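Every read-out reported here was derived from the displayed coordinates using simple, explicitly stated rules and does not represent laboratory data. Predicted model only: the values in this text are computed from it and were never measured. Virtual Cβ from ideal backbone geometry, glycine too; neighbours counted across all protein chains shown.
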Amino acid sequence: MSTFNVNLCHCSAVSPYNDMIVDDPVFDPSVHLALEMPAYTISMTDLGYDEEVRANTPTDIAATSCFRILSDEGVAAMYHVCQQLEAFTTSNPRVARNTRGGIYRSNFLRDFSCSPEVAAHHSQIMKTELTPLALGHNLAHVNYPPLELGKNIDKWHVDTLQVDTVMFVTDPNQVEGGEFQYFKGTKEDIANLRDLEQPIPTHKIITPPIKGAGYAVLQQGNYVVHQASALRTAGERITLVNGYSYADMAYPDYTAVGQLIHADPEEVVGAEYCHHMALRIGRQLQAFTNQPNFQLSLQAQAESLRKVQTELQLAIEQLDNARGQAMHHFGD
Ligand SMILES: [Fe+2]
């Protein structure tokens, strides 16, 4: 009997760009990875999030201490890739110089960012299954320091995704400044401070020690308010941010199309968002085709389909209403 199989590509099979980097290493997880567990984690409760907010995510882990991801060979290869990706930097109201969409220009970066080994490792840390983010420009984002010394690399903000790693590609201990920092409080706490024009109390600013290049912090980026501070002296600082989604479809998607169009070309954001939501919706519809539930009432079947319909409707509304938002951040 012939079967009709729909193969959904997690990474888009086509690219918005023509230019690839010239010298692209081949990613080999057995050579380039040196995965370790973090020594400790901090919880959503530690940050002050209440039960109602915590019910929106499948894990109470908010952020980790720094842990190793890349081997020495992995650091050398990633540094080589990121040096070449610096030719493609763009600016937005938060970050002076970043390269987004590098997965379309480097197969090494794409294969690392989509690595099932890395996703499985991070899932173990977060105690919930994670999948690499399907929006290519948010899947891998590379930060470079502003050309102007003393200017923050990234302002205080939350991310437009569920989970991400901030990995140092260069050794942060070789430069003055450029620390990754997070706020020990909630998004509302920092918004209130800003409304009152009060500074962030220094005891609320956490600077996790980073051992070296290839080490990262894993966080619920949409809840952990964080920043990348300025370099105090001239030096090289490159970080790679990789995005992940919760595999559990019971938790709603978090993508902010109106924010992403400040960082990437509008047509690219639209195509990637449709790809991402089609994957999410397709995976939910697959359950109806591959594992039909013979026990449910007609009303329950309708309710299951309605949930998918609601996701599609919300996606359409995001696209319709994306324009006209300011880029959100909490300043320097
Ligand atoms: Fe961020």
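For segment 177-228, the average shadow cast by the Cα convex hull is 4.1 nm², which is a quarter of the hull's surface. Extent of segment 29-252 along its three principal axes (Cα atoms, max minus min coordinate, largest first): 42, 40, 30 Å. Once the Cα atoms are used to define both axes, helix 116-126 deviates from the longest principal axis of the chain by about 80 degrees. Computed over segment 1-108, relative contact order equals 35 percent, with contacts defined as Cα pairs under 8 Å that lie 6+ residues apart. Partners of Lys155 within straight-line reach, counting lysines whose Cα lies under 25 Å from its Cα and excluding those fewer than 8 residues away in the same chain: Lys184, Lys187, Lys204, Lys211. Computed over the chain, relative contact order equals 22 percent, with contacts defined as Cα pairs under 8 Å that lie 6+ residues apart. The ranking of Glu73, Glu148 from fewest to most other beta carbons within 10 Å of each one's beta carbon is Glu148, Glu73. In the chain, the calculated helix contribution to ellipticity at 222 nm averages -9500 deg cm²/dmol per residue, counting -39,500 (n - 2.57) for every DSSP H run with n ≥ 4. Give the relative contact order (percent, whole number) for segment 190-332; include only Cα pairs under 8 Å separated by 6+ residues. Result for segment 190-332 is 34 percent. Using the Karplus relation 6.51 cos²θ - 1.76 cosθ + 1.60 with θ = phi - 60°, the per-residue 3J(HN,Hα) values for segment 93-108 come to x, 9, 10, 6, 9, 9, 10, 10, x, x, 5, 7, 10, 9, 5, 4 Hz, with x marking Gly and Pro. Derived from the Cα gyration tensor, the three semi-axes of the equivalent ellipsoid of segment 196-332 are 38, 19, 16 Å, largest first.
Against the main long axis of the alpha-carbon atoms of the chain, helix 298-320 sits at an angle near 40°. Relative to the first principal axis of the alpha-carbon coordinates of the chain, what is the inclination of helix 72-85, with its axis defined by its Cα atoms, in degrees from 0 to 90 and to the nearest 10? With both axes taken from Cα atoms, the answer is about 90 degrees.
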